[in-house]
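*Asks:* Here it is, the structure in full.
Nothing in this text is a laboratory measurement; each read-out follows from the coordinates by a stated rule. Please read all numbers here as calculations on a predicted model, not as lab measurements. Here the Cβ is made from the backbone with ideal geometry for all residues, glycine too, and neighbour counts use every protein chain on show.
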Amino acid sequence: DAGITQSPRHKVTETGTPVTLRCHQTENHRYMYWYRQDPGHGLRLIHYSYGVKDTDKGEVSDGYSVSRSKTEDFLLTLESATSSQTSVYFCAISESGYGNTIYFGEGSWLTVV
Amino acid sequence: QKEVEQDPGPLSVPEGAIVSLNCTYSNSAFQYFMWYRQYSRKGPELLMYTYSSGNKEDGRFTAQVDKSSKYISLFIRDSQPSDSATYLCASSSYDKIIFGKGTRLHILP
């Protein structure tokens with residue numbers, strides 16, 4: 001298994017509160033990604049990082065921000081959680097970006113009430 | 001037209017049967033093709049990775065890519081109840097990866 005740890009694995013939070021999800025990898029891979037997975041939509045890219053302090057937006061980035069201060073950690077922050085952000089969030093890593101294999105973490109289940 | 005399309009299923013087959021899972025894609029720039037298996041409440045697990053056209057075999061699994069028809073297939077031989085999962089195909093170029101929405105597979109004992 002790829003060395004990817006997500007935390008927390010499950011969280012219930014109230015609308016309007018900030019939430020931070022953490023992804024930690026032990027593979028020293030350069031690329032890290034945050035996806036959300038919803039019924040009928042599949043996996044959708046939120047943000048990705050191609051190096052320390054280098055990040056870019058994906059297709060569903062509104063309401064989310066990310067930070068990467070170390071190679072091994074990639075944080076996803078919901079500044080003010082909304083019910084539409086109830087989802088399962090997957091972190092993924094890749095050694096050299098698209099065209100290379102991407103490995104996923106076990107997921108973080110977030111419920112916004 | 002979606003860039004990667006996959007029948008959502010569910011697909012139910014008896015144990016021991018050969019399973020065929022398929023995807024189509026529309027972007028000619030895609031050169032890398034992957035299949036992931038996802039169990040309920042788990043993350044997607046990489047099963048097969050292929051580059052360009054051709055076949056790749058790994059145990060009971062065979063991945064097939066036909067770039068002329070933009071068709072991707074995964075075959076599972078001697079299917080087992082433990083193969084029951086959702087299977088996601090993915091296609092990528094150098095600048096993006098697109099996932100299919102997944103096919104739910106049930107292997108009936």
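*Asks:* Tally the residues that are among the polar types (S, T, N, Q), surrounded by 15 or more Cβ atoms within 10 Å (Cβ to Cβ) and either within 10 Å of the chain's Cα centre (by Cα) or more than 10 Å from chain B (Cβ to nearest Cβ) (or both), restricting the search to segment A:80-95. Spell out the reasoning first.
*Replies:* Narrowing segment A:80-95 to residues among the polar types (S, T, N, Q): A:80, A:82-87, A:94.
Add one more test, that the residue is surrounded by 15 or more Cβ atoms within 10 Å (Cβ to Cβ), and what stays is A:85-87, A:94.
Filter once more, keeping what is either within 10 Å of the chain's Cα centre (by Cα) or more than 10 Å from chain B (Cβ to nearest Cβ) (or both): A:85-87.
Result for segment A:80-95: 3.
*Asks:* Conditions first: (1) surrounded by 14 or more Cβ atoms within 10 Å (Cβ to Cβ); (2) within 14 Å of another protein chain (Cβ to nearest Cβ); (3) closer than 22 Å to B:SER40 by Cβ; (4) free of Cβ contacts under 8 Å to residues at least 60 places away in the same chain. A:TYR98 passes all but one, so which condition is the exception?
*Replies:* With respect to (1) surrounded by 14 or more Cβ atoms within 10 Å (Cβ to Cβ); (2) within 14 Å of another protein chain (Cβ to nearest Cβ); (3) closer than 22 Å to B:SER40 by Cβ; (4) free of Cβ contacts under 8 Å to residues at least 60 places away in the same chain, A:TYR98 is out only on (3).
*Asks:* Here is a further query. Just to verify a result, which residue in segment B:84-108, among those that are touching a residue at least 24 places away in the same chain (Cβ under 8 Å) and charged (D, E, K, R), is nearest to the other protein chains (Cβ to nearest Cβ)?
*Replies:* Filtering first and then ranking leaves B:LYS101.
*Asks:* Count, please, the residues in segment A:101-113 that happen to be within 14 Å of A:ILE46 (Cβ to Cβ), at the interface with another protein chain (Cβ under 9 Å from one of its Cβ atoms) and part of a strand (DSSP E or B).
*Replies:* First pass over segment A:101-113, keeping only residues within 14 Å of A:ILE46 (Cβ to Cβ): A:104-105, A:107-108, A:110.
Among the residues that remain, those that are also at the interface with another protein chain (Cβ under 9 Å from one of its Cβ atoms) are: A:104-105, A:107.
Then keep just the ones that are part of a strand (DSSP E or B); that gives A:104.
Going through segment A:101-113 one residue at a time, the tally reaches 1.
*Asks:* Just to be sure I understand, how many residues within segment A:39-61 are surrounded by fewer than 19 Cβ atoms within 10 Å (Cβ to Cβ), over 19 Å from A:TRP109 (Cα atoms) and not β-branched (Val, Ile, Thr)?
*Replies:* Going through segment A:39-61 one residue at a time, the tally reaches 8.
*Asks:* Oh, and also: Would you mind listing the strands (runs of 3 or more DSSP E) fully within segment B:36-109 where at least 3 residues are of a type in the set (A, V, I, L, M, F, W, C) and farther than 23 Å from B:PRO14 by Cβ?
*Replies:* Values: elements: B:45-51, B:54-58, B:61-66, B:71-76, B:85-92, B:97-99, B:103-108.
Hits in segment B:36-109: B:85-92, B:97-99.
*Asks:* If I go through segment B:1-48 residue by residue, how many of them are among the polar types (S, T, N, Q), within 19 Å of B:SER68 (Cα to Cα) and within 14 Å of chain A (Cβ to nearest Cβ)?
*Replies:* Residues meeting the conditions: 3.
*Asks:* Run down A:THR77, A:THR26, A:THR20, A:THR71 and say which single residue is more than 14 Å from chain B (Cβ to nearest Cβ), in contact with a Pro (Cβ under 7 Å, 6 or more places away or on another chain), farther than 22 Å from B:ARG37 by Cα and free of Cβ contacts under 8 Å to residues at least 60 places away in the same chain. If you could, list the steps in order and put the result at the bottom.
*Replies:* On the way: A:THR26 fails: in contact with a Pro (Cβ under 7 Å, 6 or more places away or on another chain); A:THR20 fails: in contact with a Pro (Cβ under 7 Å, 6 or more places away or on another chain); A:THR71 fails: in contact with a Pro (Cβ under 7 Å, 6 or more places away or on another chain).
Going through A:THR77, A:THR26, A:THR20, A:THR71 in turn, the sole match is A:THR77.
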